[in-house]
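Following: one structure in structure tokens, then a few remarks.
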Amino acid sequence: MVASVLGFMIIAGIVYTARSRENNYNGEYTESDKLFLRMAILMADESVDHDNEPFAAIIVKDGEILATTTSTISQDNDPTAHAEINAIHQACKELGTCDLSGCVLYASCEPCQMCMLACESANIERVFYGSSRSDASKFDPCHRNMPAIQLLRDEARHTFSYWEEKSNIKE
Ligand SMILES: [Zn+2]
């Protein structure tokens with residue numbers, strides 16, 4: 001996978017360099033945005049070649065690729081191992097921070113709610129995606145009717161005051 005992605009990057013880089021001189025920026029996206037998204041789509045195809053799920057994501061900051069990941073739900077027996085979550089993990093590790101301000105995420109498919117929330121939590125600046133959730137709806141294993149019930153709120157809220165107290169002591 002790495003070899004073919006690298007090959008694609010070299011070819012796409014040549015195309016990008018040539019086209020960027022023609023100023024294709026239209027205020028919403030640049031040629032490099034399309035380049036990175038095409039890479040994610042290619043990686044999703046390659047994920048299928050390796051019998052994994054058809055999803056991939058890339059995180060870029062200032063033109064530098066920080067993470068290239070695919071979905072590894074089956075491979076890792078982890079229902080949260082979506083390509084975007086894996087990319088956030090990889091980029092945070094790469095930068096040594098949980099703050100991905102200034103980063104752009106490119107996903108082969110529109111991120112699910114979990115991944116969008118993860119992007120917001122990580123301060124991802126923008127998300128570009130290829131196919132839409134409706135394109136992938138028949139592959140979505142999530143069920144939407146799971147009950148979520150609040151219990152023991154006062155007991156649980158204690159943890160926040162405990163954390164605040166400890167933080168004040170440290171200061
Ligand atoms: Zn997701």
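Details
- Only one of the listed residues (Cys92, Cys98) is in a loop (DSSP other than H, G, I, E, B), more than 13 Å from the ligand (Cβ to nearest atom), more than 19 Å from Leu37 (Cα to Cα) and within 14 Å of the chain's Cα centre (by Cα). That residue is Cys98.
- Residue ID - farthest from the ligand (Cβ to nearest atom), chosen from residues in segment 30-66 that are assigned to a strand (DSSP E or B) and under 17 Å from Pro111 (Cα atoms): Val60
Let's see how each residue does on (1) in contact with a Leu (Cβ under 8 Å, 6 or more places away or on another chain); (2) farther than 17 Å from Thr80 by Cβ; (3) free of Cβ contacts under 8 Å to residues at least 60 places away in the same chain:
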{"position": "Leu117", "(1), (2), (3)": "no, no, yes"}
{"position": "Gly130", "(1), (2), (3)": "yes, yes, no"}
{"position": "Asp135", "(1), (2), (3)": "no, yes, yes"}
{"position": "Phe139", "(1), (2), (3)": "no, no, no"}
{"position": "Asn145", "(1), (2), (3)": "no, yes, yes"}
{"position": "Ala148", "(1), (2), (3)": "no, no, yes"}
{"position": "Leu152", "(1), (2), (3)": "no, yes, yes"}
{"position": "Glu155", "(1), (2), (3)": "no, yes, yes"}
{"position": "Lys166", "(1), (2), (3)": "no, yes, yes"}
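- Across segment 54-76, the qualifying residues are those that are within 16 Å of Ala136 (Cα to Cα) and in contact (Cβ under 8 Å) with a residue 24 or more places away in the chain, and the one among them that is surrounded by the fewest Cβ atoms within 10 Å (Cβ to Cβ) is Pro54.
- Any chance Ala87 is part of a loop (DSSP other than H, G, I, E, B), at pLDDT 95 or above, under 29 Å from Asn52 (Cα atoms) and within 12 Å of the ligand (Cβ to nearest atom): no
- Inter-residue pairs, beta-carbon under 9 Å, first under 13 Å from Ile58 (Cα atoms) and of a type in the set (Val, Ile, Thr) and in segment 77-100, second assigned to a helix (DSSP H, G or I) and more than 10 Å from the ligand (Cβ to nearest atom), 6+ apart: Ile88/Ser121
- Options Asn52, Asn77; residue that is at pLDDT 95 or above and among the polar types (S, T, N, Q): Asn77
- Across segment 106-126, the qualifying residues are those that are within 11 Å of the ligand (Cβ to nearest atom) and assigned to a strand (DSSP E or B), and the one among them that is surrounded by the fewest Cβ atoms within 10 Å (Cβ to Cβ) is Cys109.
- Applying the condition of being within 9 Å of the ligand (Cβ to nearest atom) and assigned to a loop (DSSP other than H, G, I, E, B) to segment 67-84 and asking which residue is nearest to the chain's Cα centre (by Cα) yields His82.
- Long-range neighbours under 8 Å by Cβ, at least six apart or interchain, first residue on the phi > 0 side of the Ramachandran plot and at pLDDT 95 or above within segment 101-113, second in a strand (DSSP E or B) and away from the ligand (no atom under 14 Å from the Cβ): Gly102/Lys61
The values are calculated or read from the model by the stated rules, or taken from the named source; none is laboratory data. Remember, predicted model here, so these are calculated numbers, not experimental data. Reconstructed Cβ throughout: ideal geometry from the backbone, glycine too, with neighbour counts over all protein chains shown.
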